[in-house]
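Below is one structure, written out as C-alpha cells; the observations come after it.
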Amino acid sequence: MVISNGIPPNITILLLSAWDGLNMEVLRTTITSSMITCFFFFLLFMAAMLTIFFTNSVARETPRYILFIHMIINDAAYLCFALLIFIFYVYHITLPVPVCYFMIILCSTSLKVTPYNLAVMSLERYVAIYFPLRHGEFCTIPRTFLAIALVWTICLIPSVVDFIILCSSVNKSFFLLYVICSESNFTIIPVQEVLRIFCYILTFSLAGLAILFTYIRITLIAWRIFSKKESASKAAKTMMLHAVQLMLCMSTFGWSTVELFTKDNLVLLPTINFCFFICLPRFLSIIIYGARDELFFGYIKRCFVRSASKIVPSSAT
C-alpha cells in the first residue's frame, strides 16, 4: 500500500519519528544551553561577591558575611556537580561507579548544608539582637569556622552510613562498572532510601524550627528594645528572608514528586524539573540576599556608577 504522495506508510512513520526526535533534541539542547548560560552568570555574581568579601576587611571579620560567602560557595559547588550529573544523565554518558558515586555524595551533602547554614545565620542574628553587648564574644571568627565544620560533619554522617551500607550490599566488582549517574543506581536496598528521606526531613525540620524560633524571638525583642519601628522591621525581615531561602531549598524535593505523577506524559520533564527545582531556587536565593545586603549592594552600585561615569564622558566626546 502506498499513500497519495507515493511514500510507503512505514517510511512516513520513520520520517515523522526522526523529525520529532530531532525537534526534541534541539529543544533539549536549547534548554540545557540556557541553563548553562544562567549558571555562568551565577558564577559571575558569585565572583563579584567573593571579590567584595576578600577586599573588604569589615566583611572578612563579620561572622554573618562569612556564613553568607560559605553559602554561596556551597551552592555553587552543588549546582556545578548537579549540572554535570544532569548532563551525563540526559545524554546517557556513562562514568565509573566511584566517580559517579562521589559526585552524588557531594551533591547530597551540599544540599543538606544550605539549610543548616541558614539556621546558623539565623542564630547569629538572634545573638546580635538578644545579646548585643556580648555578640562579639559569642560570635567570633574561630567559632564561625567551627560552626561551618560542624555543619559539614553532621551532613557527611548520612553519606558515610550510606557508603557503608552500599559496600556491604554489593560485590567489589560493582565499583569497576560504568553507569549513568543517577542516585537510583546506588539504591541497592530499601533502607538506603528510608535513610535519605529521614535525613532530609530531619534537616529541613531542624532548620525550619531554628528559623521560626529566632523569627518569633527577634520580633518580640526587637519591638520591645528598639524605639524605632524600622529596626524591628529590618530584623524580622531578615528572618523572613531566611525562611524564604529555606523554602526555595525545599523546592528541590518537588523534582521527585512531579516526576512520580507525570513521568509518562512529558519527555523533557527531567530538564524542566532541573531548571525550576534545582537551579532557579538557588539563583533567586543568593541574588535576593546579596541585593538586599547594604554592603554588597552598595559596592555593586558604586561599581555601576563608576562604570557609567567613564562611559558617558567618552561618548560625549
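The values are calculated or read from the model by the stated rules, or taken from the named source; none is laboratory data. Just so we're clear, the structure is a prediction, and the values are computed from it rather than from any experiment. No Cβ is skipped: glycine too gets one built from the backbone with ideal geometry, and neighbour counts run over all protein chains shown. Please note that ligands, DNA and RNA were not included when accessible areas were found on the heavy atoms of the full protein model with its side chains. Shrake-Rupley method; radii C 1.70, N 1.55, O 1.52, S 1.80 Å.
Scanning the range 153-175 for residues that are in contact with a helix residue (DSSP H, G or I) (Cβ under 7 Å, 6 or more places away or on another chain), farther than 18 Å from C107 by Cα and open to solvent by 40 Å² or more (accessible area, probe 1.4 Å) yields a count of 1.
Listed by first and then second residue, the pairs linking a residue in the range 141-158 that is closer than 11 Å to Y116 by Cα and in a helix (DSSP H, G or I) to a residue that is open to solvent by less than 80 Å² (accessible area, probe 1.4 Å) and among the polar types (S, T, N, Q), with Cβ atoms under 6 Å apart and 6 or more places separating them unless they lie on different chains, are C155/T109. Only residues that are surrounded by 13 or more Cβ atoms within 10 Å (Cβ to Cβ) and of a type in the set (A, V, I, L, M, F, W, C) were counted across the range 130-149, and they come to 6. Among the residues of the range 61-73, are any among the polar types (S, T, N, Q) and either under 17 Å from the mean Cα position of the chain (by Cα) or farther than 16 Å from D293 by Cα (or both)? The answer is no, given that none of the residues of the range 61-73 is among the polar types (S, T, N, Q) and either under 17 Å from the mean Cα position of the chain (by Cα) or farther than 16 Å from D293 by Cα (or both).
Looking at the range 170-191, which of its residues are of a type outside the set (A, V, I, L, M, F, W, C) and over 22 Å from the mean Cα position of the chain (by Cα)?
N171, K172, S173, Y178, N185, T187, P190
Based on this model, can you work out whether N185 counts as in a helix (DSSP H, G or I), in contact with a strand residue (DSSP E or B) (Cβ under 9 Å, 6 or more places away or on another chain) and either open to solvent by 70 Å² or more (accessible area, probe 1.4 Å) or polar (S, T, N, Q) (or both)? Considered against the rule, which asks whether it is in a helix (DSSP H, G or I), in contact with a strand residue (DSSP E or B) (Cβ under 9 Å, 6 or more places away or on another chain) and either open to solvent by 70 Å² or more (accessible area, probe 1.4 Å) or polar (S, T, N, Q) (or both), N185 comes out as yes. Kindly evaluate T114 against the criterion of being under 20 Å from the mean Cα position of the chain (by Cα) and surrounded by 13 or more Cβ atoms within 10 Å (Cβ to Cβ). It is true that T114 is under 20 Å from the mean Cα position of the chain (by Cα) and surrounded by 13 or more Cβ atoms within 10 Å (Cβ to Cβ). Among the residues of the range 95-103, at least one is assigned to a helix (DSSP H, G or I), without any contact (Cβ under 8 Å) to a residue 40 or more places away in the chain and over 11 Å from the mean Cα position of the chain (by Cα). The single residue among V97, V127 that is of a type in the set (A, V, I, L, M), at pLDDT 85 or above and open to solvent by 10 Å² or more (accessible area, probe 1.4 Å) turns out to be V127. Checked against the criterion of being at pLDDT below 85, in a helix (DSSP H, G or I) and open to solvent by 80 Å² or more (accessible area, probe 1.4 Å), the candidates L22, L83, L43 yield just one match: L22.
Of all residues in the range 48-70, those that are within 22 Å of A119 (Cα to Cα) and of a type in the set (D, E) have Cβ atoms under 7 Å from Cβ atoms of residues that are assigned to a helix (DSSP H, G or I) and modelled with pLDDT of 85 or more, 6 or more apart or on another chain, in E61/I141.
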